[in-house]
Amino acid sequence: MPPPDPLPGTAYGCLSPARNALSVAEPSWELTGPPETPTRRRGAQYSTRPVAGGQLPESPAPRVLRVAIPSPLHRLFDYRPAREAPACGWQPGLRVRVSFGRREVVGIVVECRDRGELPLSDLKPVLACLDDTPLPEDWLWLCRFTARYYQHPLGDTLHQALPVLLRQGRALAARTRERWALTAAGHAAGSDALPRAPRQAALLEMLRQHPHGLASQAILAQSFSRDQLKALTAKGLVERHEEPLAAAPQPDADHLLADPALPLNREQAHALSALHERLDAYHPCLLEGVTGSGKTEVYLQLIEAVVGRGRQALVLVPEIGLTPQTLARFRKRFRVPVVALHSGLTDHERLDAWEAAASGRAPIVIGTRSAIFTPLARPGAIIVDEEHDSSYKQQDGLRYHARDLAVARAHHHGIPLLLGSATPSLESLARARRGDWRHLPLTRRATRHAPAGLELLDLRGRPRLGGLAPPALEAIAETLKAGHQVLVFINRRGFAPTLACHACGWLAECDACDARMTLHRQPPLLACHHCDRRRALPESCPECGSIDLRPLGSGTERTEETLAGRFPKVPVHRIDRDSTRRRDAFENALAEVRRGDPCLLVGTQMLAKGHHLPHVTLVVVVNADAGLYASDFRALEQGAQLLVQVAGRAGRAAHPGRVLVQTMHPDDPHLRLLAERGYAALADQLLEERRAAALPPFRFLALLRLESAREEAASELGRRAATALRGWLAERELAVDCLGPVPAPMERRQGRYHLQLMLSADKRSALHEASAWLTAWLEATPEARRVRWSLDIDPQTLS
Ligand code: ADP
Ligand code: ZN
Ligand code: ZN
């Protein structure tokens, strides 16, 4: 195909699902399956690959390079090799600069061929090759798998999975810093060696205290100068070393542990020995353990074993879970470097971390969702903490699920996979119950107190103050009097969910969405949490002119205000997205809370997950119903997970905890099951319901979302797509159901109309075949260019 031809004028018939296929073996559609012989590629893949110094590669030079380019198109583009081949020869994984339309872009060679579909003379040459050696092979494999599995263009997948600086064409190289240390002569020199240069003598003395040397920065910070360093170097007393900024090899890393491992309890020991049994093979394990049962301790000891064998461990944590506390815990245990990948890094830091992982220098890599795309030279294990957490699913662009990719990746590398959670996803539980994954339960807390049970508090007919019923307020008062802390959980930020006119019933609605606007007091305004539109508070009702406008319901601000009025002597900390916009605000509030004086915490799920709040003994859930009874098929699962997580904050240390759950539906069978018998019992029940309703994990889904400013455009395309797909499915006799198009649960959002088409199948391969066909059809249909569409494989929500 001639580059560039950004419009897919080609008939989609030729765009079979294999069009992204590259030369190496195809990844299977299944995330798991009978473990095939894993293709193990160990050894530092890019750093130690021999660079043929001027030698010609063995295979003849290819005449066509198929290049993946960041674009929304599901296709590759052919180029001619540049006149000068890279030293390693042309290979998949090399970044190249090419002209594409009127732009120059960075693409990645994914295939080298002898011929393309067009005469060679029609092809443009690659402008330059940007790498000496290809990008890591494991990374390339994962990106190809991801592109195929999620029906996302390979060019964009590769682009998304690269650190920004590499996307821009920067070299994959570690930044370094200088370190100064004494030479043998320096060590031998007495303290009176430099009688006429007292500062140099002092510097020599300082370096003597640091046998492994000191970084320039540390030296200059002690008001020594570069001239003094130079003078000592000239005298042969001091020498300069270069070391990578990220994950520099530690001098005494023979001792892996900086802090001793804890002696494990019986269940932990059983889990760890199960993991030890198979460190050399794909071995998926679900570690199901209540909060505080010591899952992290099991992770740490598994990592110890993996790193002890010279391999790397990749640890994924939910967005909210990668706190300085978590990192500190990992860094405290190990003497080897722990590299963290999170959204707070600069582009340079991210590249450094990526390089440290890819080169194998970083034995432990810990990061949030996108860290699944970190290349590893010597992969040894993948750990996914809080595997049920929804932050592992990217909800726009490349809609991947990091946990599911972790499964694919562990399988590919042939390494253990450890998924941990107090409230596993139904997907993972189903696999464990089927015996596909090993189930490792931790039923007891490592610390003193069992997790508190949920006490349901009937809200019906009770007055409420800031959302709190009298028994909840009494319990709060008692807890504070006993000198403890209280966490009030309310999953709505703002002052009140909306503003209402008491005279005519008008409600503040968003102009652009089918949604109400939230009332905020700090600062006072109406805001739509779906599109971020803001409006000044009206003085009077826009419908009837009445000035009797009242807040309806409670959000965090209102509950905070109520509690501050009711308990004036006790500090109230509100923790939500609004109160913690400044990066350190959250940590500062937590630091104060950890000091342990009686206080009230009012927060959204930012607080509910991951944080160790040892002095909280009472948790009040203001409204359990909003989360549990939403229309989505995962609402009960996710609502229950959140409730259990919140409840897990109570009684983590010296005192037992209590959890009050306010509800309008205290007799609801699901809620009662959860309160009386716990998450596992509810999960069993929900699994049965999913089976009966033919929903995941018993059936596979893909959701096509369509949106347009013009309702008609979206629905017309939806109808045509459905008709075409049904026709094709009938012809192929493929067992895939196609439902819709139907309006999305919130049809109008951000001024646009949203529709969806749902595909479902018993077999993943059938679903993927249909998804691939549908994607190709949409790409080739001119009307589809006027409608924004996206296909979500394994959607987490149907909204
Ligand atoms: P989880 O990850 O399941 O929430 P953690 O690993 O954080 O649990 O453990 C909770 C607390 O119990 C921590 O303070 C941890 O240090 C402690 N702990 C874990 N395992 C043990 C053990 N075997 N012996 C003593 N204390 C332990
Ligand atoms: Zn009115
Ligand atoms: Zn809106």
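The values are calculated or read from the model by the stated rules, or taken from the named source; none is laboratory data. Bear in mind that the values here come from a model prediction, so they are computed numbers and not experimental data. In this analysis, Cβ positions are derived from the backbone assuming ideal geometry, glycine residues included, and neighbour counts consider all displayed protein chains.
Somewhere in segment 76-97, is a residue in contact with a Phe, Trp or Tyr (Cβ under 8 Å, 6 or more places away or on another chain) and farther than 21 Å from residue 147 by Cα?
Yes - at least one qualifying residue is present in segment 76-97.
Can you say whether residue 306 is more than 16 Å from ligand 1 (Cβ to nearest atom), in a helix (DSSP H, G or I) and under 25 Å from the mean Cα position of the chain (by Cα), as far as the supplied structure shows? Break it down into steps so the answer makes sense when it comes.
On the way: more than 16 Å from ligand 1 (Cβ to nearest atom): yes; in a helix (DSSP H, G or I): yes; under 25 Å from the mean Cα position of the chain (by Cα): yes.
Criteria met by residue 306.
Would you check which residues across segment 524-536 are assigned to a strand (DSSP E or B) and either within 16 Å of ligand 1 (Cβ to nearest atom) or aliphatic (A, V, I, L, M) (or both) and list them?
Hits for segment 524-536 are 525, 526, 527.
Kindly indicate whether residue 220 is among the hydrophobic types (A, V, I, L, M, F, W, C) and either crowded, with 17+ Cβ neighbours inside 10 Å or modelled with pLDDT of 85 or more (or both). Spell out the reasoning first.
Values: among the hydrophobic types (A, V, I, L, M, F, W, C): yes; either crowded, with 17+ Cβ neighbours inside 10 Å or modelled with pLDDT of 85 or more (or both): yes.
Criteria met by residue 220.
Looking at residue 591, is it without any contact (Cβ under 8 Å) to a residue 24 or more places away in the chain and aliphatic (A, V, I, L, M)?
On the way: without any contact (Cβ under 8 Å) to a residue 24 or more places away in the chain: yes; aliphatic (A, V, I, L, M): yes.
Against the criterion (without any contact (Cβ under 8 Å) to a residue 24 or more places away in the chain and aliphatic (A, V, I, L, M)), residue 591 qualifies.
Out of the residues in segment 491-505 that are touching an Asp or Glu at 6+ places or on another chain (Cβ under 9 Å) and of a type in the set (A, V, I, L, M), which is surrounded by the fewest Cβ atoms within 10 Å (Cβ to Cβ)?
Looking at the filtered set, the residue picked out is 503.
So residue 578 clears everything in (1) over 26 Å from residue 345 (Cβ atoms); (2) in contact with a Gly (Cβ under 8 Å, 6 or more places away or on another chain) except one condition, right? Which one?
(1)
Could you tell me which of the residues 508, 482 is away from ligand 1 (no atom under 16 Å from the Cβ) and either within 30 Å of the chain's Cα centre (by Cα) or crowded, with 16+ Cβ neighbours inside 10 Å (or both)? Walk me through it before giving the result.
Values: 482 fails: either within 30 Å of the chain's Cα centre (by Cα) or crowded, with 16+ Cβ neighbours inside 10 Å (or both).
Criteria check complete, one pass: 508.
Tell me the residue from 286, 300, 316 that is within 11 Å of ligand 1 (Cβ to nearest atom), buried (at least 19 other Cβ atoms within 10 Å of the Cβ), assigned by TED's automatic domain parsing to the domain that holds residue 368 and modelled with pLDDT of 90 or more, please. Show your work before the answer.
Values: 286 fails: within 11 Å of ligand 1 (Cβ to nearest atom); 316 fails: within 11 Å of ligand 1 (Cβ to nearest atom).
Sole residue among the options that is within 11 Å of ligand 1 (Cβ to nearest atom), buried (at least 19 other Cβ atoms within 10 Å of the Cβ), assigned by TED's automatic domain parsing to the domain that holds residue 368 and modelled with pLDDT of 90 or more: 300.
With the structure loaded, tell me whether residue 546 is in contact with a strand residue (DSSP E or B) (Cβ under 6 Å, 6 or more places away or on another chain), polar (S, T, N, Q), more than 16 Å from ligand 3 (Cβ to nearest atom) and over 26 Å from residue 641 (Cβ atoms) or whether it fails that test.
Answer is yes for this residue.
Which residues, counting only those in segment 257-302, are touching a residue at least 40 places away in the same chain (Cβ under 8 Å), in a helix (DSSP H, G or I) and small (Gly, Ala, Ser)?
271, 274 - these are the residues of segment 257-302 that are touching a residue at least 40 places away in the same chain (Cβ under 8 Å), in a helix (DSSP H, G or I) and small (Gly, Ala, Ser).
Being on the phi < 0 side of the Ramachandran plot and within 16 Å of ligand 2 (Cβ to nearest atom) narrows it down to one of 477, 508, so name that one.
Values: 477 fails: within 16 Å of ligand 2 (Cβ to nearest atom).
Answer to the selection: 508.
Filter segment 632-679 down to the residues that are among the hydrophobic types (A, V, I, L, M, F, W, C) and free of Cβ contacts under 8 Å to residues at least 24 places away in the same chain and list them by number. Quick ask: steps written out before the conclusion?
Step one: list which residues in segment 632-679 are among the hydrophobic types (A, V, I, L, M, F, W, C), which gives 633, 635-636, 640, 642-644, 646-647, 650, 653-654, 659-661, 664, 671, 673-675.
Hits for segment 632-679 are 635, 673.
Just need a number here: residues in segment 681-694 that are exposed (fewer than 15 other Cβ atoms within 10 Å of the Cβ) and of a type in the set (A, V, I, L, M).
4
State which residue is modelled with the lowest pLDDT when the search covers only segment 616-653 and only residues that are in a loop (DSSP other than H, G, I, E, B) and surrounded by fewer than 22 Cβ atoms within 10 Å (Cβ to Cβ). Spell out the reasoning first.
Within segment 616-653, the first condition is being in a loop (DSSP other than H, G, I, E, B), and the residues that meet it are 622-624, 629-634, 648-653.
Retained after the next criterion (residues that are surrounded by fewer than 22 Cβ atoms within 10 Å (Cβ to Cβ)): 623, 629-634, 653.
Values: 623: 88, 629: 75, 630: 74, 631: 76, 632: 87, 633: 91, 634: 93, 653: 63.
By that ranking, first place goes to 653.
Starting from segment 537-555, keep only residues that are in contact (Cβ under 8 Å) with a residue 24 or more places away in the chain and more than 16 Å from ligand 1 (Cβ to nearest atom), then list their pairs with residues that are of a type in the set (Val, Ile, Thr) and assigned to a loop (DSSP other than H, G, I, E, B) whose Cβ atoms are within a distance under 7 Å, requiring at least 6 positions of separation or different chains.
Within 7 Å, the pairs are 554/490; 554/622; 555/490.
Condition check: small (Gly, Ala, Ser), surrounded by fewer than 24 Cβ atoms within 10 Å (Cβ to Cβ) and at pLDDT below 95. Does residue 422 satisfy that?
Numbers: small (Gly, Ala, Ser): yes; surrounded by fewer than 24 Cβ atoms within 10 Å (Cβ to Cβ): yes; at pLDDT below 95: yes.
Judged against the criteria, residue 422 is a match.
Residue 564 - would you say it is out of contact with any helix residue (DSSP H, G or I) (no Cβ under 7 Å at 6 or more places or on another chain) and either under 25 Å from residue 749 (Cβ atoms) or surrounded by fewer than 17 Cβ atoms within 10 Å (Cβ to Cβ) (or both)?
Values: out of contact with any helix residue (DSSP H, G or I) (no Cβ under 7 Å at 6 or more places or on another chain): yes; either under 25 Å from residue 749 (Cβ atoms) or surrounded by fewer than 17 Cβ atoms within 10 Å (Cβ to Cβ) (or both): yes.
Yes: the conditions hold for residue 564.
Going by what's in this entry, would residue 228 be described as at pLDDT 85 or above, within 15 Å of ligand 1 (Cβ to nearest atom), assigned to a helix (DSSP H, G or I) and not β-branched (Val, Ile, Thr)? Spell out how you get there, then give the answer.
Values: at pLDDT 85 or above: yes; within 15 Å of ligand 1 (Cβ to nearest atom): no; assigned to a helix (DSSP H, G or I): yes; not β-branched (Val, Ile, Thr): yes.
For residue 228, the condition - at pLDDT 85 or above, within 15 Å of ligand 1 (Cβ to nearest atom), assigned to a helix (DSSP H, G or I) and not β-branched (Val, Ile, Thr) - is not met.
I want to confirm something. Restricting to segment 746-799 and keeping residues that are among the small types (Gly, Ala, Ser) and assigned to a strand (DSSP E or B), which single residue is surrounded by the fewest Cβ atoms within 10 Å (Cβ to Cβ)?
Within segment 746-799, the first condition is being among the small types (Gly, Ala, Ser), and the residues that meet it are 751, 760-761, 765-766, 770-772, 776, 780, 784, 790, 799.
Then keep just the ones that are assigned to a strand (DSSP E or B); that gives 760-761, 790.
Values: 760: 20, 761: 22, 790: 16.
Checking each candidate, the answer is 790.
Condition first: over 16 Å from the mean Cα position of the chain (by Cα) and among the acidic types (Asp, Glu). Can you find one or more residues in segment 355-375 that meet it?
yes
Report, by residue number, each residue of segment 591-611 that is within 16 Å of ligand 1 (Cβ to nearest atom) and in contact with a Ser or Thr (Cβ under 9 Å, 6 or more places away or on another chain).
Here is the first cut: in segment 591-611, the ones within 16 Å of ligand 1 (Cβ to nearest atom) are 594, 596, 607-611.
610, 611, listed by residue number.
For the condition at pLDDT below 95, within 14 Å of ligand 3 (Cβ to nearest atom), closer than 27 Å to residue 745 by Cα and not acidic (Asp, Glu), what is the one hit in 533, 493?
533
State the number of residues belonging to segment 510-526 that are more than 9 Å from ligand 3 (Cβ to nearest atom) and either farther than 21 Å from residue 622 by Cβ or aliphatic (A, V, I, L, M) (or both).
Here the count works out to 5.
When you scan segment 681-694, do you find a residue that is at negative phi and outside any helix (DSSP H, G or I), even just one? Walk me through it before giving the result.
So in segment 681-694, the residues at negative phi come out as 681-693.
Those left that are additionally outside any helix (DSSP H, G or I): 693.
Yes, some residue in segment 681-694 is at negative phi and outside any helix (DSSP H, G or I).
Considering segment 346-372 alone, what residues qualify as being of a type outside the set (Gly, Ala, Ser), more than 15 Å from residue 247 (Cα to Cα) and surrounded by fewer than 24 Cβ atoms within 10 Å (Cβ to Cβ)? Give the derivation first.
Pass one, segment 346-372, residues of a type outside the set (Gly, Ala, Ser): 346-352, 354-355, 361, 363-366, 368-369, 372.
Cutting the leftovers down to more than 15 Å from residue 247 (Cα to Cα) gives us 346-347, 368-369, 372.
346, 347, 368, 369, listed by residue number.
Does residue 562 qualify as being touching a Phe, Trp or Tyr at 6+ places or on another chain (Cβ under 7 Å), in the same structural domain as residue 624 (by TED's automatic domain parsing) and more than 16 Å from ligand 2 (Cβ to nearest atom)?
Values: touching a Phe, Trp or Tyr at 6+ places or on another chain (Cβ under 7 Å): no; in the same structural domain as residue 624 (by TED's automatic domain parsing): yes; more than 16 Å from ligand 2 (Cβ to nearest atom): yes.
The answer is no for residue 562.
Mind listing whichever residues of segment 695-712 are within 20 Å of residue 788 (Cβ to Cβ) and in a loop (DSSP other than H, G, I, E, B)?
The initial filter retains those residues of segment 695-712 that are within 20 Å of residue 788 (Cβ to Cβ), namely 702-712.
Within segment 695-712, 709, 710 meet the criteria.
Failed condition for residue 260, given (1) exposed (fewer than 12 other Cβ atoms within 10 Å of the Cβ); (2) at pLDDT 90 or above, with all others met?
(2)
Is it the case that segment 384-401 has a residue that's among the aromatic types (Phe, Trp, Tyr), under 13 Å from the mean Cα position of the chain (by Cα) and in a helix (DSSP H, G or I)? Write out each step before concluding.
Residues of segment 384-401 that are among the aromatic types (Phe, Trp, Tyr), as a first pass: 392, 400.
After this cut, where a residue has to be under 13 Å from the mean Cα position of the chain (by Cα) as well, the list is 392, 400.
Right, trim to in a helix (DSSP H, G or I) and you get 392.
Within segment 384-401, one or more residues are among the aromatic types (Phe, Trp, Tyr), under 13 Å from the mean Cα position of the chain (by Cα) and in a helix (DSSP H, G or I).
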